[in-house]
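Peer 1: I'd like to ask you about the structure that follows.
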Amino acid sequence: MGMPASDFSYPDAVSEKAQFRVAVVDDDVRIGRLLKAFLEGRGIECFPLTDAAGLFRLLAEERSDAVVSDIVMPGLTGLELLRSVRRIAPHVP
């Protein structure tokens, strides 16, 4: 059973040692900025990216605990992108 909601609080900003890191892939830069502000306001480090190539570079150089992707994008669709992530970084949900 999970922790009661009243016992859980978000930090106000990302600490230098953020415990959770999320890559957000969306070809609309505004969506990436919006999600970055939202997530980082809750203590989650966010890497907004605009395409699959950027995500693959990030995964080669940095740790990401999760990937959130737009579904309809030029090039690889979000589903194709996530299938590729599953092959190259199976630990990333």
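The values are calculated or read from the model by the stated rules, or taken from the named source; none is laboratory data. As the structure is a prediction and not an experimental result, all values here were calculated from the model. Every residue, glycine among them, receives a Cβ derived from its backbone with ideal geometry; neighbour counts consider all protein chains shown. All accessible areas refer to the heavy atoms of the entire protein, side chains included, with ligands and DNA or RNA removed. Shrake-Rupley method; radii C 1.70, N 1.55, O 1.52, S 1.80 Å.
Peer 1: Packing-wise, with mean Cβ within 10 Å as the measure, how do 66-77, 44-55 rank, highest first? Intermediate results must be reported in sequence, preceding the final value.
Peer 2: Details: 66-77: 14.8, 44-55: 19.2.
So the peptides 66-77, 44-55, ranked by packing, come out 44-55, 66-77.
Peer 1: While we're on this one: Taking only protein heavy atoms into account and a 1.4 Å probe, give the accessible area per residue of the stretch 28-79 in Å². Working shown, then result.
Peer 2: Working: 3070 Å² over 52 residues.
Here the residues of the stretch 28-79 average 59 Å² of exposed surface.
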